[in-house]
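The values are calculated or read from the model by the stated rules, or taken from the named source; none is laboratory data. Predicted, not measured: the structure shown is a model, and the values here were computed from it. Reconstructed Cβ throughout: ideal geometry from the backbone, glycine too, with neighbour counts over all protein chains shown. Quick note on the areas: whole protein, heavy atoms, side chains included, nothing else; ligands and nucleic acids left out. Shrake-Rupley method; radii C 1.70, N 1.55, O 1.52, S 1.80 Å.
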Amino acid sequence: MGFEIDRTVCIGAGTCVIKAPAVFAQDPDDGLVVPVGGGVPDSPEVRRAAEACPSGAIVPAP
Amino acid sequence: MPESLPAPAPLSTARPRGCPFDPPAELGALRDRHPLSRMSYPDGHVGWLVTGHALARAVAADRRFSSRQELMRLPTPRNGVPAGPLPPAPPGMFVSHDAPEHTRYRRLLAGRFTVRRMRALTERVEQITAERLDAMEGEGPGVDLVVAFAQPVPALMICELLGVPSGDHGHFQRLVSSTNDQNASLEEVGAAMAELGGFLHGLVLAKRASPTDDLLGELVGEDLTDEELTNIAVLLLGAGLDTTANMIALGAFALFTAPEQIAALSEGPEAVDRAVEELLRYLTIAHTGVRTALEDVELGGHLIRAGDSVTISALAADRDPAKFTDPDVLDLRRDATGHLALGHGAHQCLGQQLARVELRVALPALFERFPTLRPAVPADEVAVREDSDIHGVYSLPVTWDEV
Ligand code: HEM
């Protein structure tokens, strides 16, 4: 199982970059999340990022 | 069957005697039995109070609960504020707007407060911190940590970032903290806001005439009216002045009461990051928030009706044993992920990455420069901001051994 990103609800708080810097970055223009390597794997860091995300932008993939 | 709840009660605000960092005892007791309970508001409204972590998070994340000021009721009586409805927040004061207005302002600003951009300020924060520590050393031993260190470091940084002349940051600081003071009269708050707004309006006009290389200078290039820009400036300056400063001072005070923890600040960058998150959680200085239901919402086995106000005790939630083990213990080595100290949902703190940079520079540097730093008065004589929306200390006399 991996995770998906919903940029429509992202508010650019940057919490995911703090929790999983190897996986998430922020677009320098609007601050919204961009996955560093394309996909978002399941890992303890990513799960922490999903928990810390204020806007529900990191969701388990169906 | 919804469980029956205790009769509605006003929000308890008095901290337990001798425990200036802990939530009011009544809130802890409620949380453990009724994490969602009825609350009576100063205007006579009977609404709700959330003290449990999971429910607090759920309310803050749910867009059916509004942040609009004209729908909100004050959770505690405030000197001179009439019991009637509050006026809507003006354009640009987006902490009190919902989508889509909120989203528009937030999108405009988020790119300017990213982790990367705020971390790029680290060296500058280090310089400002070192200068203040030098000044303390010259002046002491024996200074008020609030005035000598906790206030100027974030103040100089936010002023520089926004492009606000910092010469008189002490004066701004007093204006902003009076707007957070529940004992300040309506006239005092109005006068403070008017002075701050008037000053920043003048600054916005000056930047329109000749744009400068700073945040406000950049924002004059965006599609914003003078009124919007002025209110954004008031919000950012206010939030930047009266939050991190209280975290630094209250953080130092908390560390004095748990001196065995201070070593964690010298255990490398990751340990410091963890320590900062734990201090945020443990102190949760922005302790109380309010939302209003826009429609009927079922929550925790109860029906919250459209129009009901919901007060969120972020402080009680961040001490929820269902979420954090031994929640009343300050443990700088724990993983405090999920705390609500910076809020949750669409309004979670815009300036959080700046606050993190400031805290992780300022606190370790303070204890590194003065390894014998200690309070100069007994803990129970420290003047705590009991009646403020943002918790902290009014002053913190400290001393150290000269080498
Ligand atoms: C440790 C220090 C800080 C704490 C504890 C803190 C806390 C918070 C909290 C709890 C909220 C959510 C309010 C709500 O949900 O209604 C918030 C929002 C906000 N904070 Fe901070 N804050 C801090 C530092 C800063 C700084 C340095 C800035 C300066 C840029 C800032 C700017 C803002 C803004 C603009 C908002 C409104 C965000 C929105 O409505 O989308 N904060 N802060």
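Go over the candidates B:Ala184, B:Ala155, B:Ala130, B:Ala192 one by one and state the one that is hydrophobic (A, V, I, L, M, F, W, C), open to solvent by less than 50 Å² (accessible area, probe 1.4 Å) and at pLDDT 95 or above.
B:Ala130
Just checking, how many residues over segment B:96-110 are more than 10 Å from chain A (Cβ to nearest Cβ), more than 9 Å from the ligand (Cβ to nearest atom) and not in a loop (DSSP other than H, G, I, E, B)?
Within segment B:96-110, residues that are more than 10 Å from chain A (Cβ to nearest Cβ), more than 9 Å from the ligand (Cβ to nearest atom) and not in a loop (DSSP other than H, G, I, E, B) number 2.
Filter segment B:309-329 down to residues that are in contact (Cβ under 8 Å) with a residue 40 or more places away in the chain and more than 16 Å from the ligand (Cβ to nearest atom), then give me how many there are.
Qualifying residue count, segment B:309-329: 6.
Quick one: which residue in B:Glu260, B:Glu298 is part of a helix (DSSP H, G or I), on the phi < 0 side of the Ramachandran plot, open to solvent by 10 Å² or more (accessible area, probe 1.4 Å) and among the acidic types (Asp, Glu)?
Checking each option against the conditions leaves just B:Glu260.
Answer with yes or no whether B:Gly84 is modelled with pLDDT of 95 or more and more than 13 Å from chain A (Cβ to nearest Cβ).
No: the conditions fail for B:Gly84.
Which one of these is open to solvent by less than 50 Å² (accessible area, probe 1.4 Å), in contact (Cβ under 8 Å) with a residue 12 or more places away in the chain, closer than 17 Å to B:Ile232 by Cβ and within 15 Å of the ligand (Cβ to nearest atom): B:Ala58, B:Ala89?
Result: B:Ala89 is the single residue among B:Ala58, B:Ala89 that is open to solvent by less than 50 Å² (accessible area, probe 1.4 Å), in contact (Cβ under 8 Å) with a residue 12 or more places away in the chain, closer than 17 Å to B:Ile232 by Cβ and within 15 Å of the ligand (Cβ to nearest atom).
Can you tell me which residue is nearest to the other protein chains (Cβ to nearest Cβ) among those in segment B:353-374 that are out of contact with any Ser or Thr (no Cβ under 8 Å at 6 or more places or on another chain) and not hydrophobic (A, V, I, L, M, F, W, C)?
Applying the filter and picking the extreme gives B:Arg356.
Take the residues in segment B:318-339 that are open to solvent by 30 Å² or more (accessible area, probe 1.4 Å) and within 11 Å of another protein chain (Cβ to nearest Cβ); name whichever of them is nearest to B:Leu109 (Cα to Cα).
Across segment B:318-339, the extreme among qualifying residues is B:Asp335.
What is the number of the single condition among (1) at positive phi; (2) of a type outside the set (A, V, I, L, M); (3) part of a strand (DSSP E or B) that B:Gly44 does not meet?
Result: B:Gly44 fails condition (3) only.
Considering every residue within segment B:312-329, establish whether at least one is within 18 Å of the chain's Cα centre (by Cα), in a strand (DSSP E or B) and not aromatic (Phe, Trp, Tyr).
yes
For segment B:340-371, give me each residue that is more than 9 Å from the ligand (Cβ to nearest atom), open to solvent by less than 10 Å² (accessible area, probe 1.4 Å) and out of contact with any Phe, Trp or Tyr (no Cβ under 7 Å at 6 or more places or on another chain).
B:Val357, B:Ala362, B:Leu363 - these are the residues of segment B:340-371 that are more than 9 Å from the ligand (Cβ to nearest atom), open to solvent by less than 10 Å² (accessible area, probe 1.4 Å) and out of contact with any Phe, Trp or Tyr (no Cβ under 7 Å at 6 or more places or on another chain).
If B:Ala83 satisfies every condition in (1) open to solvent by 30 Å² or more (accessible area, probe 1.4 Å); (2) in contact (Cβ under 8 Å) with a residue 60 or more places away in the chain; (3) touching a Pro at 6+ places or on another chain (Cβ under 9 Å) but one, which is the exception?
Against the list (1) open to solvent by 30 Å² or more (accessible area, probe 1.4 Å); (2) in contact (Cβ under 8 Å) with a residue 60 or more places away in the chain; (3) touching a Pro at 6+ places or on another chain (Cβ under 9 Å), B:Ala83 comes up short only on (2).
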